[in-house]
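In what follows, a structure is listed as structure tokens, so that the remarks can point back to it.
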Amino acid sequence: MSTARPSRPLDRSLEWGRHYLAVSPDHFRIDYAINPFMRLDDQPDPVRTRAQWDAMVGAIEAAGARVEVLPQLAETPDMVYAMNLGLAMQRPDGSPHVVLSHMRYAERRGETPAAQAWFAAYGATTQRVGAEGVGAHLEAGDAFAWRGELVVGFGPRTEELALKHLATELQVAVRGLRIVHPGMYHLDLAFCPLTETAAMVCPDALDDASAEALLALVPDPLVLSEAETMTFCANSVVVGRTVVMPACPDRVRHWLERRGLEVVVVDVTELQKGGGAVRCLTNPLDVRLGRDLVEVPGGRVLLP
Ligand code: ARG
């Protein structure tokens, strides 16, 4: 038999990633610069932006996921990056719960009331980490459920103190990674779980101890160079065996295909002008407590 088969046995797909929230780019523009990608003299074209966003949502749906859409508020141009609205999960009984982000920059804080209203209408209970609105900064683009733990980047956006709150308030293990690269200011620009054992990892995003800790955590790492990571290729969404990516260098494509993953590249270059791509533009709603995040009585923070 000579059917094309991946040269390695398939590992287990992620359990989550089949239901997302996205924010329609009704008012996307660059009004300020809070990351190195944003330039006020390089504004997105609204027509191309809309077409790219529609095609991205179409690709995610074609891969087998559902996408909920929240309209964008006129006064919050970064609200398209839905991942930062909050950390959404389902309790073991299926009821939704969301830890709302407490944005680092005041420019983005107007998004949170809209997020809270949407999540409440969706049936979710919502909370902030620590004291309401004055607790530690937490931006959900820094957080991933993976292998039973919450892997959280901190430094540029999320504060280290938020890790403690997440661990004790959610009763989970939180693994903290210190981000030091200015261009990889959220963990989702440098880390992407692909399956239960494989993940894209850019060690250059982190300090030495955190890079070592992350590499030790990933059984089958696709180690990205800084240059590869700057294509936004780690800022991808995984739906079963399909990876919806904003870019995919050849080496990365070969690696993924050898694991039996299908690569779908969507052009979101207009939306990248704000410093985010496919993962930033979507927020998974189907991470489950008790399945994707294992209950740890009292909670625990693990730092390198
Ligand atoms: N302009 C946004 C910011 O700087 C981009 C957010 C990117 N989102 C992400 N999940 N990495 O906050």
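A quick yes/no check of all residues on (1) among the β-branched types (V, I, T); (2) surrounded by fewer than 16 Cβ atoms within 10 Å (Cβ to Cβ); (3) within 19 Å of L87 (Cα to Cα):
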| position | (1), (2), (3) |
| --- | --- |
| L256 | no, no, no |
| R259 | no, no, no |
| D267 | no, yes, no |
| L271 | no, no, no |
| G274 | no, no, no |
| T282 | yes, no, yes |
| V294 | yes, yes, yes |
| P297 | no, yes, no |
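Considering the conditions (1) free of Cβ contacts under 8 Å to residues at least 24 places away in the same chain; (2) surrounded by 14 or more Cβ atoms within 10 Å (Cβ to Cβ); (3) more than 15 Å from the ligand (Cβ to nearest atom), A59 is excluded by exactly one of them, (1).
Residues of the range 167-205 that are within 14 Å of the ligand (Cβ to nearest atom) and open to solvent by 20 Å² or more (accessible area, probe 1.4 Å): H181, P182. Taking into account only those residues within the range 62-78 that are away from the ligand (no atom under 16 Å from the Cβ) and assigned to a loop (DSSP other than H, G, I, E, B), which is most open to solvent (accessible area, probe 1.4 Å)? Taking the candidates together, the pick is P71. For first residues located in the range 260-281 and free of Cβ contacts under 8 Å to residues at least 40 places away in the same chain, partners that are within 14 Å of the ligand (Cβ to nearest atom) and outside any strand (DSSP E or B) and lie 6+ apart or on another chain with Cβ distances below 8 Å form the pairs V265/P246.
Going by the structure shown, is R48 touching a Lys or Arg at 6+ places or on another chain (Cβ under 9 Å), among the basic types (K, R) and away from the ligand (no atom under 16 Å from the Cβ)? Here the answer is no, as R48 does not meet what is asked. Within the range 84-96, is there a residue that is in contact with a Leu (Cβ under 6 Å, 6 or more places away or on another chain), of a type in the set (A, V, I, L, M), away from the ligand (no atom under 16 Å from the Cβ) and under 17 Å from D188 (Cβ atoms)? Yes: one or more hits. Kindly evaluate D26 against the criterion of being open to solvent by 30 Å² or more (accessible area, probe 1.4 Å), under 27 Å from E295 (Cβ atoms) and either acidic (D, E) or not in a loop (DSSP other than H, G, I, E, B) (or both). It is false that D26 is open to solvent by 30 Å² or more (accessible area, probe 1.4 Å), under 27 Å from E295 (Cβ atoms) and either acidic (D, E) or not in a loop (DSSP other than H, G, I, E, B) (or both). For the residues V223, V244, V239, V268, the requirement of being closer than 20 Å to I60 by Cβ, more than 16 Å from the ligand (Cβ to nearest atom) and out of contact with any Phe, Trp or Tyr (no Cβ under 6 Å at 6 or more places or on another chain) singles out V239. Taking strands (runs of 3 or more DSSP E) as the structural unit, those lying wholly within the range 241-304 and holding at least 3 residues that are over 16 Å from the mean Cα position of the chain (by Cα) correspond to 262-265, 300-302.
Report, by residue number, each residue of the range 144-172 that is outside any helix (DSSP H, G or I) and under 13 Å from V301 (Cβ atoms). Listed by number, the residues that qualify are E149, L150, V151, V152, F154, T158, E159, Q171, V172.
Looking across T242, T229, one residue alone is crowded, with 20+ Cβ neighbours inside 10 Å, under 24 Å from M103 (Cα atoms), of a type outside the set (D, E) and touching a strand residue (DSSP E or B) at 6+ places or on another chain (Cβ under 9 Å). It is T229.
The values are calculated or read from the model by the stated rules, or taken from the named source; none is laboratory data. No experiment lies behind these values; they were computed from the predicted model shown. We place every Cβ from the backbone using ideal geometry, glycine too, and count neighbours over all the protein chains shown. Just the protein is used for accessible areas: all its heavy atoms, side chains included, with ligands, DNA and RNA removed. Shrake-Rupley method; radii C 1.70, N 1.55, O 1.52, S 1.80 Å.
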